[in-house]
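K.L.:
Before anything else, here's the structure in question.
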Amino acid sequence: MVMNSYNIVNLSSVDSTNTFAMSNIDSLENFTVVSASVQTCGHGRFGREWLSSASGNIYASIVLKPKVDSLDISFIANYTQLLSVVVAQILETYDVAPEIKWPNDVLVNGKKIAGILCETAFRGTGLKGVVLGFGVNLNLSEADIALINQPAISLNILLKKQIDKDELLNKIIDSFVAKYDEFIADGFSSISLDYISRCNFLNKNVSIKTNTGVINGTAKCINLDGSMTLSLPSEDIVVYSGDLFWQ
Ligand code: BTN
């Protein structure tokens with residue numbers, strides 16, 4: 001079996017590795033990883049800011065150029081779920097116990113340690129490429145964490161020591177690339193057990209903030225396409241995206 005190979009573009013400072021990768025999507029090859037020491041305009045899902053002024057943390061974006069029929073790109077949403085599994089598994093090798101908050105946040109002790117942002121570039125109806133950005137808190141101070149407007153944690157605080165960012169980034173990319181072909185062949189089902197086993201919110205009362213409002217229900221299951229079924233008093237509904245909250 002031929003291993004997929006990748007190359008890393010290291011930048012000292014950039015507005016956002018996602019923005020850089022999206023702007024240069026034509027010239028960046030499949031499996032190029034853009035990594036930066038700091039970002040001046042790091043952003044997350046729902047237009048939120050991603051604190052990126054502290055070096056020693058992962059701010060990186062993987063460029064992917066899947067060969068797909070332009071009509072069949074629904075699996076792209078699952079890329080973020082694959083990466084959330086990979087990040088959780090690598091963090092476990094550092095003796096912490098991450099959980100996954102649907103669809104793709106990684107938490108430890110209920111606090112966010114990693115976030116993932118997927119963006120797509122099209123030429124007409126054809127897919128030019130996908131940019132899979134991720135930030136992992138590895139070396140934040142308590143003062144940095146106080147600036148984040150949601151519960152957050154960093155690996156150095158959990159382990160009470162400095163973390164080697166390059167080592168962790170390489171482990172994440174190695175694992176992502178190793179799982180990639182099976183994921184392309186089998187989709188979400190290739191990671192469903194690893195994903196679902198880290199979802200602590202299942203069977204709990206949850207709220208999901210969507211573009212059209214907040215839905216309250218019981219998180220019933222994760223489906224084979226990565227969507228979530230919610231039980232409402234009168235019916236079950238399937239949710240494909242949103243921001244999940246639970247007590
Ligand atoms: C989220 O949880 O809302 C997603 C956060 C994604 C942050 C990463 S850091 C590297 C890449 N560049 C960005 O501007 N965002 C992503």
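Each value in this text was obtained by applying a stated rule to the coordinates, not by laboratory testing. Predicted, not measured: the structure shown is a model, and the values here were computed from it. Because the Cβ atoms are built from the backbone with ideal geometry, glycine has one as well, and the counts that use them run over all protein chains shown.
K.L.:
Share of antiparallel DSSP beta bridges in segment 75-154, in percent to the nearest 5? List each step's numbers first, then the result.
P.N.:
Values: 17 of 18 bridges.
The antiparallel fraction comes to roughly 95 percent.
K.L.:
How large is the Rg to Rh ratio of segment 1-133 when both quantities use alpha carbon positions and Rh follows Kirkwood? All intermediate terms of the calculation are to be shown ahead of the outcome.
P.N.:
Details: Rg = 15.0 Å, Rh = 15.6 Å.
Using Cα coordinates only, the ratio equals 0.96.
K.L.:
For Leu230, what charge total do you get from the other residues with a beta carbon under 9 Å from its beta carbon, if Lys and Arg give +1 and Asp and Glu give -1? Intermediate values should be presented prior to the final figure.
P.N.:
Details: positive: Lys220; negative: Asp236.
That works out to 0.
K.L.:
What is the gain in length, in nm to one decimal, between Asn200 and Val96 on full extension, counting 0.36 nm per residue of separation less the C-alpha to C-alpha distance?
P.N.:
On the way: separation 104, 0.36 × 104 = 37.44 nm, distance 1.51 nm.
Full extension from Asn200 to Val96 adds 35.9 nm.
K.L.:
Tell me the relative contact order for segment 94-182 as a rounded percent, counting alpha carbon contacts under 8 Å between residues six or more apart.
P.N.:
After rounding, I find 19 percent.
K.L.:
Between Leu232 and Glu142, take the C-beta separation as r, use R0 = 25 Å, and let me know the FRET efficiency to the nearest 0.05. Can you show the working numbers first?
P.N.:
Values: r = 40 Å, r/R0 = 1.60.
So, using R0 = 25 Å, E works out to roughly 0.05.
K.L.:
Charges only on Cβ, +1 for Lys and Arg, -1 for Asp and Glu: so what's the dipole of the chain about the Cα centre, in debye to the nearest 20?
P.N.:
Numbers: 18 positive and 25 negative charges, 83 e Å.
Using Cβ point charges on Lys, Arg, Asp and Glu, the chain gives about 400 debye.
K.L.:
Residue farthest toward the positive end of the dipole of segment 130-247, with Cβ of Lys/Arg at +1 and Asp/Glu at -1: which of Val131, Phe183, Ile148?
P.N.:
Value computed over the given set: Ile148.
K.L.:
Right, next: Just from the alpha-carbon atoms, what are the Rg and Dmax of segment 93-162 in angstroms?
P.N.:
Here Rg and the maximum Cα pair distance are 15.3, 50 Å.
K.L.:
Here's something else I'd like to know. What is the Cα centroid distance between segment 214-234 and segment 71-135, reported in whole angstrom?
P.N.:
20
K.L.:
Which of the GluC sites (Glu not before Pro) across segment 16-95 are loop residues per DSSP, with 14 or fewer other Cβ within 10 Å?
P.N.:
Values: sites: Glu29, Glu49, Glu92; in loops: Glu29.
Of the GluC sites (Glu not before Pro), the ones in loops of segment 16-95 whose Cβ has at most 14 other Cβ atoms within 10 Å are Glu29.
K.L.:
Rounded to the nearest Å, what's the spacing between the alpha carbon centres of segment 154-197 and segment 10-47? Just the number, please.
P.N.:
Here the two parts' Cα centres lie 19 Å apart.
K.L.:
Continuing with the same structure: So what's the projected area for the chain, the Cα convex hull averaged over all directions, in nm²? Provide the component values of the computation, followed by the final result.
P.N.:
Numbers: hull surface 54.5 nm².
Reported value for the Cα convex hull: 13.6 nm².
K.L.:
So for segment 147-247, Kirkwood radius off the Cα pairs, Stokes-Einstein at 4 °C and 1.567 mPa s: how many µm² s⁻¹? Please report the intermediate quantities before stating the final value.
P.N.:
Details: Rh = 16.4 Å.
For these conditions, the coefficient is 79 µm²/s.
K.L.:
Sum up the charges of everything whose Cβ sits under 14 Å from the Cβ of Gln150, counting Lys and Arg as +1 and Asp and Glu as -1, but leave Gln150 out.
P.N.:
Values: positive: Arg45, Arg48, Lys101, Lys111, Lys112, Lys209; negative: Glu49, Asp105, Asp144, Asp243.
Every neighbour counted, the sum reads +2.
K.L.:
Follow-up. Find out how many positive minus negative residues lie around Asn30, taking Lys and Arg as positive, Asp and Glu as negative, among other residues whose Cβ is under 11 Å from that of Asn30. Before the final figure, lay out each step's value.
P.N.:
On the way: positive: Lys65, Lys67; negative: Glu29.
After counting each charged neighbour, the total is +1.
K.L.:
List the aspartates and glutamates whose Cα lies under 14 Å from the Cα of Lys128, skipping any in the same chain that are fewer than 8 positions away.
P.N.:
Those aspartates and glutamates meeting the cut-off are Asp26, Glu29, Asp69, Asp72, Glu119.
K.L.:
Give me the extension gain from Ser37 to Ile73: residue separation times 0.36 nm, minus the current Cα-Cα distance, reported in nm with one decimal. Intermediate results must be reported in sequence, preceding the final value.
P.N.:
Values: separation 36, 0.36 × 36 = 12.96 nm, distance 3.17 nm.
This chain segment gains 9.8 nm when fully extended.
K.L.:
Sticking with this one: Give me a comma-separated list of calculated 3J(HN,Hα) values for segment 205-217, in order, Karplus coefficients 6.51, -1.76, 1.60 applied at θ = phi - 60°, integers in Hz, x for any Gly or Pro.
P.N.:
Using θ = phi - 60°, the values come out as 6, 10, 10, 10, 8, 10, 4, 9, x, 9, 10, 10, x Hz.
K.L.:
Counting helices only, and only those DSSP H runs with n ≥ 4, report the 222 nm mean residue ellipticity of the chain as the sum of -39,500 (n - 2.57) divided by its residues, in deg cm²/dmol to the nearest 500. Intermediate results must be reported in sequence, preceding the final value.
P.N.:
On the way: 6 runs with 61 residues, N = 247.
The helix contribution divided over the chain gives -7500 deg cm²/dmol.
K.L.:
Order of 228-241, 99-112 by packing, highest average Cβ count within 10 Å first?
P.N.:
Numbers: 228-241: 13.6, 99-112: 20.2.
Result, highest mean first: 99-112, 228-241.
K.L.:
A follow-up question, please. Here are some pairs, Lys67/Lys101; Lys111/Lys160; Lys101/Lys220; Lys112/Lys160; Lys65/Lys179; Lys179/Lys204; which of them have Cα atoms lying more than 19 Å apart in this structure?
P.N.:
Values: Lys67/Lys101 29 Å; Lys111/Lys160 17 Å; Lys101/Lys220 14 Å; Lys112/Lys160 17 Å; Lys65/Lys179 16 Å; Lys179/Lys204 30 Å.
Lys67/Lys101; Lys179/Lys204, as the Cα separations exceed 19 Å there.
K.L.:
Same structure again: Over the chain, what relative contact order in percent results from Cα pairs under 8 Å that are six or more residues apart?
P.N.:
Values: 475 pairs, mean separation 40.3, N = 247.
RCO, the chain: 16 percent.
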